[in-house]
Amino acid sequence: MAKGRMRYWKITSEELGGYSYDESNLLNWEIKCVREPEDEAIFIGVFMYRNGTAYDYESVKGICYFHNNIDRKELPSITSFLQGKFNGKEMEKGDRIFLKDSKEIYSAKDISDLAIEMESKFNTKAIISLEFEGITAEQLKEAGLPEAKLLPIPT
């Protein structure tokens with residue numbers, strides 16, 4: 001079976017805790033923390049790209065987050081929560097906050113634990129997406145990732 005890029009979506013923090021994939025193949029992850037009612041589109045999205053996130057003309061390594069319909073007064077508490085866990089130099093661009101050179105996490109346990117903490121601390125429900133590269137769907141299935149949550153990425 002060919003190795004390629006595969007994305008898994010709509011994963012809960014509890015489900016993710018049971019996965020045991022090869023961390024070196026995780027290209028990026030996102031935890032979208034949504035507040036009720038969902039139709040008001042109030043959310044915080046924490047994410048990390050292994051190869052860095054675009055910031056103007058440079059690529060910034062580390063954890064980032066974006067926000068939608070979140071009161072600006074709440075942003076410092078989100079930033080300080082993430083900095084307390086992962087450090088990093090705060091940089092802001094539009095609706096995105098970058099923690100440049102913060103600690104990077106790739107394990108299912110670390111991402112799951114972060115999602116659970118975000119749910120509790122910010123009164124949200126987490127929906128997680130993972131994108132892998134250089135691994136087969138069969139290997140990911142063996143690691144516990146369900147086929148039902150697989151979104152193949154066309155090459």
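A short reminder: the numbers here are calculations on the coordinates, not readings from a lab. None of the values given here were measured: they were computed from a predicted structure. All Cβ positions, even for glycine, are placed from backbone atoms using ideal geometry, and neighbour counts span all protein chains on display.
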Estimated 222 nm signal from helices in the chain, with DSSP H stretches of n ≥ 4 weighted -39500 (n - 2.57), rounded to 500: -7000 deg cm²/dmol
Residue-span extension gain [Tyr57 to Ala41] - 0.36 nm each, minus C-alpha spacing: 2.8 nm
Exposed-site-free run, longest, the chain (rule: trypsin sites (Lys or Arg not before Pro); DSSP loop; at most 14 other C-beta within 10 Å): 4-102
Over the chain, equivalent-ellipsoid semi-axes from the Cα gyration tensor in Å: 26, 18, 14
Candidate lysines for bridging to Lys121, where Cα separation is under 29 Å - those fewer than 8 sequence places away on the same chain excluded: Lys10, Lys32, Lys61, Lys73, Lys85, Lys89, Lys93, Lys100, Lys103, Lys109, Lys149
Cβ-based net charge around Arg96, under 13 Å, with every Lys or Arg adding one and every Asp or Glu removing one: -3
Förster radius 25 Å - calculated FRET efficiency between Met91 and Glu14 (Cβ-Cβ, nearest 0.05): 0.15
Angle between the chain longest axis and helix 108-122 axis [Cα atoms, degrees, rounded to 10]: 30
Helix 75-86 vs. the chain, principal-axis angle (Cα, 0 to 90°, nearest 10): 50
